[in-house]
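Only one structure is covered here, and it is reproduced in the block below.
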Ligand code: SF4
């Protein structure tokens, strides 16, 4: 299946159902994915594809490109609700991530003071203090846990390191609930194993995890575009609503995107 990359540092603004008018920032290479996960559903494709350009944009390049785009948007009266770090991989892998976030907050305050700063991250770099400091300074740290089973994380997310759910949970606990948890729900036969994020066993453990970490918002979503692994199936909004029901009854703020 064909997947897509963002070929520039700044992209958009894109109309996002979850984030409004979102100006994207890509801290990763322009022509290949750069991530320490290799999720089977990743819209950027597999890590091994398009390895011809591994260069990360420098701090100066990001700062200049972002300021240029913010000035352009302001002059054109284009609304920007969120400046969102996502792009071709894991933004927190950038060595100047904290410095870039500091600069982004300054630029946001100058040109679009009401805009939020959001980072979509797989939560793998929380052992690095500068990453945690930066994520605590922004409005929306959107951090991923796709499964409460390490076996299934290894099948779905294919981390390039020894993923420890216990460690990720303890790192997320540092946020005292002031973060947004993002979880992908899907099903399919993967490596000969039937994976179903909606199975009672997995959803019960996921509900326990949400109650334990108590994030201020939860984003449940499913496959929306082409995926590098074929044969994956979407989970319906109704199924996600059913899974979310006990948490909504607890008072959790849950966004469901089908
Ligand atoms: S964490 Fe995000 S960028 Fe990395 S492989 Fe998964 S979906 Fe793609």
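Just so you know, all these numbers are worked out from the coordinates, no wet-lab data involved. What you are looking at is a predicted structure, and each value in this text was computed from that prediction instead of being measured. Note that each Cβ is placed from the backbone with ideal geometry, even for glycine, and that neighbours are counted across all protein chains shown.
Counting each DSSP H run of 4 or more residues in the chain as -39500 (n - 2.57), what helix-only mean residue ellipticity at 222 nm follows after dividing by all residues, to the nearest 500 deg cm²/dmol?
Working: 7 runs with 85 residues, N = 258.
Rounded to the nearest 500, it is -10500 deg cm²/dmol.
At 0.36 nm per residue, minus the direct Cα-Cα distance, what do residue 237 and residue 208 gain on full extension? Give it in nm, one decimal, please.
Details: separation 29, 0.36 × 29 = 10.44 nm, distance 2.08 nm.
Result: 8.4 nm gained on full extension.
Along each principal axis of its Cα atoms, how long is the range 27-155 end to end? Whole angstroms, biggest number first, please.
Projected onto the principal axes, the Cα atoms of the range 27-155 cover 49, 32, 25 Å.
Extension gain residue 164-residue 201, at 0.36 nm per residue separation less the Cα-Cα distance, in nm? Could the numbers behind the result be given before it?
On the way: separation 37, 0.36 × 37 = 13.32 nm, distance 1.92 nm.
Answer, rounded to one decimal: 11.4 nm.
Modelled label-to-label distance, residue 53 and residue 7, 7 Å Cα→beta-carbon offset: nm?
Inter-label distance under the simple model: 0.8 nm.
Where both residues lie in the range 1-151, what percent of DSSP beta bridges are antiparallel, nearest 5?
Numbers: 5 of 18 bridges.
Of all bridge pairs located within the range 1-151, approximately 30 percent are antiparallel.
Mind pulling the angle between the C-alpha long axis of helix 237-250 and the longest principal axis of the chain? Nearest 10 degrees, somewhere in 0 to 90.
90
Hey, what angle do you get for helix 59-75 against the long axis of the chain, alpha-carbon based, 0 to 90 degrees rounded to 10?
Taking the Cα atoms of the chain, the angle to 59-75 is about 80 degrees.
Write down the percent of antiparallel bridges among all DSSP beta bridges whose residues are both part of the chain, to the nearest 5.
Numbers: 11 of 37 bridges.
Looking only at bridges with both residues in the chain, the antiparallel portion is about 30 percent.
Given just the C-alpha atoms of the chain, how large is their convex hull per residue in cubic angstrom? Mind dumping the intermediate values first?
Values: hull volume 31.8 nm³, N = 258.
Cα-based convex hull of the chain, divided per residue, equals 123 Å³.
Once Rh for the range 109-229 is found with the Kirkwood sum over Cα pairs, what is the Stokes-Einstein diffusion coefficient at 37 °C and 0.692 mPa s, in µm²/s? Let's see the in-between values first.
Working: Rh = 15.6 Å.
After rounding, the answer is 211 µm²/s.
Measure of size requested: the Rg and Dmax of the range 160-258, with Cα atoms as the atom set and Å as the unit; please supply both.
Answer for the range 160-258, Rg first and Dmax second: 14.2, 39 Å.
Just to confirm the number: angle between the C-alpha axis of helix 97-111 and the first principal axis of the chain, 0 to 90 degrees, nearest 10?
60
Using alpha-carbon pairs under 8 Å, 6+ residues apart, how would you state the relative contact order of the chain in percent?
Values: 488 pairs, mean separation 47.7, N = 258.
Relative contact order comes out at 18 percent.
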